[in-house]
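The values are calculated or read from the model by the stated rules, or taken from the named source; none is laboratory data. Bear in mind the structure is a predicted one, so any value in this text is a computation, not a measurement. Cβ atoms come from the backbone with ideal geometry, glycine included; neighbour counts cover every protein chain shown.
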Amino acid sequence: MKALKIIGIAIGVIILLLLVVGLSSPKAGNVDRSIVVNASPTMVYQEVNGFKNFNQWSPWFTIDPETMYTFEGPESGVGAKMSWKSDHPDVGAGSQWIIESTPNEAVIVQLDFDFQGNYFADFLIEEVQGGTKLSWSYRYEDLGIVSALFAKLFSVEDMVGENYQTGLEQFKKYIESKPKSGFEVVTVEPVTYLGLSTEMESPSPEEISQAMANLYEQLIQFAKDNDLEMKGMPLTEYTSLQPGNLGIRCGIPVASETEITGDKIQVYETHKGQAVKAVHKGDYALLSNTYTHVEEFIGKNGLSIGGNPYEIYITDPGEVKDTAQWITHVFFPVAQN
């Protein structure tokens, strides 16, 4: 009995010591890793602003390819969520979802491992010489005693840091193997199209999408009713890009000799001459980022805008469901020198 009493006292002392260590351990901390990739900030942002392609470079996917994944919410941006479940001890189960998203600058992800405390993964994006610097940080705060003790006894820096470094290296290899958007000054021929216009005051992305869908529906029906053949991919010409006012004219290309009489739907032509062309790859919701970069390119190269910008949708969303694979050609007419 005396031996059992001694063992009991020893166990109690050990538990007490562990509690003391847990109570005295930091309740917050972070691990940071970064890498420079040969890609634009826009391209990097598009990849980390959702989880659809996460397993293309995730360090944990290769540990257990049999992990079960589920996705909820939108494909990208705030609310996008991914959950996983694995029998492998190095993967386990949990979920992550985007709580903040700043285009081309940062994406903040909250993590849930069913542990007491708050856990986050921060993606910080910075344009640097030679490409884009992507920093991936793991933050934890408000840890409970057990979680703080675990963080104290097992080096979070070593455990997470190695995985994050591997993930960033795999991200670099993955993104640098993808086609990249570029800018070039080209000579364009005019595109004849049936156009239908509208103007909107400070519209949301959802309002723009709905308005364009309505315009295209009317255009397609008009073309069918008048036996007009579509001669190319749909396009949108922007008649106004002023702050607080958006003027859009959706169009479907038709033969150059097309003549119609109508109050709303009319025949138009896009710009003829020089234009800056950009190839945008990704969701339409991110096109504004490409427009910003084109305008910066125009300014840096001493050019001036010489007409309405327009975009041609090369990919048919009805055939390609993955928004990351959508291709859009963006044209900014420039004034002749």
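Miscellaneous remarks
- Verdict on His280 being within 22 Å of Ile175 (Cα to Cα) and in contact with a Lys or Arg (Cβ under 7 Å, 6 or more places away or on another chain): no
- Taking residues in the stretch 22-49 that are farther than 26 Å from Gly79 by Cβ, and partners anywhere that are charged (D, E, K, R) and at pLDDT below 70, the pairs with Cβ atoms closer than 7 Å and at least 6 places apart or on different chains are Ser25/Lys152; Lys27/Asp142.
- Complete set of residues in the stretch 92-110 that are crowded, with 17+ Cβ neighbours inside 10 Å and either in a strand (DSSP E or B) or β-branched (Val, Ile, Thr) (or both): Gln96, Trp97, Ile98, Ser101, Ala106, Val107, Ile108, Val109
- The stretch 261-292, residues that are under 30 Å from Asp322 (Cα atoms) and aromatic (Phe, Trp, Tyr): Tyr284, Tyr291
- Considering residues of the stretch 233-261 that are surrounded by 14 or more Cβ atoms within 10 Å (Cβ to Cβ) and aliphatic (A, V, I, L, M) only, the residue nearest to Glu319 (Cα to Cα): Met233
- Number of the condition not met by Gly117 [criteria: (1) modelled with pLDDT of 90 or more; (2) more than 23 Å from Asn53 (Cα to Cα); (3) of a type in the set (Gly, Ala, Ser)]: (1)
- Residue in the stretch 175-183 that is in a strand (DSSP E or B), surrounded by fewer than 17 Cβ atoms within 10 Å (Cβ to Cβ) and modelled with pLDDT under 95 present: no
- Selected residue (criterion: surrounded by the fewest Cβ atoms within 10 Å (Cβ to Cβ)) from residues of the stretch 14-66 that are of a type in the set (Gly, Ala, Ser) and at pLDDT below 85: Ser24
- The residue of the stretch 290-312 that is nearest to the chain's Cα centre (by Cα), among those that are surrounded by fewer than 17 Cβ atoms within 10 Å (Cβ to Cβ) and outside any loop (DSSP other than H, G, I, E, B), is Thr292.
- Among the residues of the stretch 67-79, those that are under 17 Å from Tyr284 (Cα atoms) and either surrounded by fewer than 18 Cβ atoms within 10 Å (Cβ to Cβ) or at pLDDT 95 or above (or both) comprise Pro74, Glu75, Val78.
- Selected residue (only one of Leu194, Leu143, Leu168 is surrounded by 18 or more Cβ atoms within 10 Å (Cβ to Cβ), over 19 Å from the mean Cα position of the chain (by Cα) and at pLDDT 85 or above): Leu194
- Of all residues assigned to the stretch 66-83, at least one qualifies as being under 19 Å from Thr166 (Cα atoms) and outside the structural domain of Leu287 (by TED's automatic domain parsing).
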